[in-house]
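Since the structure comes first, as structure tokens, the remarks are kept for the end.
The values are calculated or read from the model by the stated rules, or taken from the named source; none is laboratory data. Please read all numbers here as calculations on a predicted model, not as lab measurements. Here the Cβ positions follow ideal geometry from the backbone for every residue, glycine too, while neighbour counts run over all protein chains shown. Each accessible area value is taken on the protein alone, full model and side chains, heavy atoms only, with ligands, DNA and RNA left out. Shrake-Rupley method; radii C 1.70, N 1.55, O 1.52, S 1.80 Å.
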Amino acid sequence: MRIMNIIKLAKKLNLSITTVSRALGGYSDVSEATRKRVMDFAKKHNYNPNPYASNLASHKSNAVGFVIPLYGLNNNTLNQIAYFKFVAGMSSKINQDNILFYMLFANSAKEEMDSYKKLVEVNKVKNIIIHNVQTDDKRIEYLNSKKINFVAWGRSRKINYSWVDLDNELATELIVDYLYSKGQKLFAFINVSEKYNFAHLRKKGFQKALKKYQIKFDKSLYRTTSLEDPSFSKEITIDLLRNNPELNCIICSTEYSSVGAIQACAELNKQIGEDISIITFDGPVVESLTNPKLTAISHPLEELGTNAINILLGSKKKKLSSNYLVKPHIIERGSVKSLI
């Protein structure tokens with residue numbers, strides 16, 4: 001069986017390749033009659049557009065770019081699972097619309113920035129999704145300067161772009177509400193570096209909730225770690241528990257800090273759910289690998305990915321102010337003891 005390609009399709013229709021490509025792409029500068037003629041003919045001959053050929057023919061990239069960092073917060077291989085769950089949420093749209101998907105990997109901050117430049121300047125990618133957004137993010141400045149269509153997984157302090165995100169402020173407020181309902185009034189908080197805006201927002205929600213219950217924010221019980229390595233949060237947890245014998249509850253801002261907290265409790269012979277309570281943010285590690293199971297705040301990554309790609313490839317009019325905020329909820333797994 002002979003395979004129909006866009007060149008043969010254009011020749012049989014006596015149209016230019018550009019016209020056929022734009023008709024298949026639904027561009028408004030192609031008349032409805034021409035578009036219908038092209039679509040009907042393509043369907044009759046079982047034409048399935050090759051995204052590479054379509055991009056070349058129309059001189060416009062329909063590709064989507066995504067960079068996965070393998071350093072810093074994401075130096076642990078298991079932590080990178082979150083990105084693939086997010087990408088899984090985008091896969092239906094990508095496959096359905098024959099979209100090219102460039103996924104690059106970076107081993108340092110410089111390499112990560114270079115990867116975005118490669119996507120834009122070498123691969124001519126016009127649509128990009130960024131993540132791990134910092135409070136002041138150079139990637140956003142760069143993409144805006146190049147007039148690139150992008151959606152952020154997360155928010156910076158200056159939000160003048162489309163984004164999807166977990167409601168991080170509400171998440172930590174819900175955690176404090178939940179703990180307070182259990183009679184817990186003294187808790188430590190292990191966060192990651194506040195240069196990441198999600199960490200800044202989680203701290204902000206935490207402080208807001210403390211104020212609501214007239215609980216003083218104790219700086220000595222608030223710690224941060226710059227790397228997502230359980231060994232760091234393990235040492236932080238040991239230090240917190242040894243220096244604060246009255247402490248009976250720990251909030252972990254990420255699942256890897258909760259892994260470190262579990263290790264610390266094992267070393268100190270503290271039973272989670274009895275001697276010490278732990279609550280964390282959910283994810284593939286907490287869901288499947290931690291022992292004991294930990295009560296957590298939900299974070300539906302695939303849902304975020306689905307909405308990110310829909311916003312990214314939606315119409316320009318709708319996209320200008322588009323965003324999607326996932327509402328979190330608590331998943332109980334028995335790691336928080338009731339004191340009332």
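Checking (1) 78, 41, 35; (2) 62, 47, 34; (3) 82, 38, 34 against Cα extents along the principal axes in Å calculated from these atoms, the matching label is (3).
Between the residues 119, 99, 82, the greatest Cα displacement towards the positive end of the dipole of the range 80-121, with unit charges on the Cβ of Lys, Arg, Asp and Glu, is found for 82.
Pairs exceeding 18 Å between alpha-carbon atoms, taken from 93/124; 8/44; 12/93; 182/212; 110/203; 185/216: 93/124; 12/93; 110/203. In the range 130-189 the Cα-Cα distances spread across 5 Å bins starting at 0 as 4, 16, 22, 15, 9, 10, 10, 7, 4, 2, 0 percent of all pairs. The HN-Hα couplings worked out from phi for the range 103-110 by the Karplus form 6.51 cos²θ - 1.76 cosθ + 1.60 (θ = phi - 60°) are 10, 10, 10, 10, 9, 7, 4, 5 Hz, whole numbers, x standing for Gly and Pro.
Surface analysis of the chain yields an accessible area of 50 Å² per residue, using protein heavy atoms and a 1.4 Å probe.
Going 7 Å from the Cα of residue 80 in the Cα-to-Cβ direction, what parts of the range 86-106 have a backbone nitrogen less than 13 Å from that spot? So the set is 103-106. Between the range 113-155 and the range 246-317, the C-alpha centres lie 28 angstrom from each other. Multiplying the residue separation of residue 269 and residue 211 by 0.36 nm and removing their Cα-Cα distance gives an extension gain of 17.6 nm.
In sequence order, the range 184-197 has phi-based couplings of 7, 10, 10, 9, 8, 10, 9, 10, 9, 3, 6, 5, 7, 5 Hz under the Karplus curve 6.51 cos²θ - 1.76 cosθ + 1.60, θ = phi - 60°, and Gly or Pro positions carry x. Computed packing ranks the peptides 284-294, 102-112 as 284-294, 102-112, most packed first, by mean other Cβ atoms within 10 Å.
Under 5 Å from the amide H of residue 324 lie the amide H atoms of 163, 164, 165, each residue being 5 or more positions distant or on a separate chain, with H modelled from the backbone and absent for Pro and chain starts.
Between the amide H of residue 192 and those of 225, distances stay under 5 Å, these residues lying 5 or more places away or on another chain, with hydrogens modeled in the peptide plane. The HN-Hα couplings worked out from phi for the range 231-248 by the Karplus form 6.51 cos²θ - 1.76 cosθ + 1.60 (θ = phi - 60°) are 5, 5, 5, 4, 5, 4, 5, 4, 4, 4, 6, 6, 8, 9, x, 7, 5, 10 Hz, whole numbers, x standing for Gly and Pro.
Normalised by the number of residues in the chain, the mean separation of alpha-carbon contacts (under 8 Å, six or more apart) gives a relative contact order of 18 percent.
With the simple spin-label model, which puts each label point 7 Å out from Cα in the Cβ direction, the residue 291 to residue 31 separation comes to 7.1 nm. Straight Cα distances below 16 angstrom link residue 234 to the lysines 270, with same-chain residues fewer than 8 positions distant left out.
Multiplying the residue separation of residue 244 and residue 149 by 0.36 nm and subtracting their alpha-carbon distance yields 29.3 nm. The relative contact order of the range 67-150, computed from alpha carbon pairs under 8 Å that lie at least 6 residues apart in sequence, is 30 percent. Rolling a 1.4 angstrom probe over the chain with all protein chains present gives an accessible area of which 51% lies on carbon and sulfur atoms.
Restricting the calculation to Cα atoms, every distinct pair contributes to the Kirkwood radius of the range 114-224, found to be 15.8 Å. Placing a label point 7 Å from the Cα of residue 71 along the Cα-to-Cβ direction, the residues of the range 91-128 whose backbone N falls under 16 Å from that point are 104-118. Each part gets one Cα centre, and for the range 323-340 versus the range 187-218 those centres are 16 Å apart.
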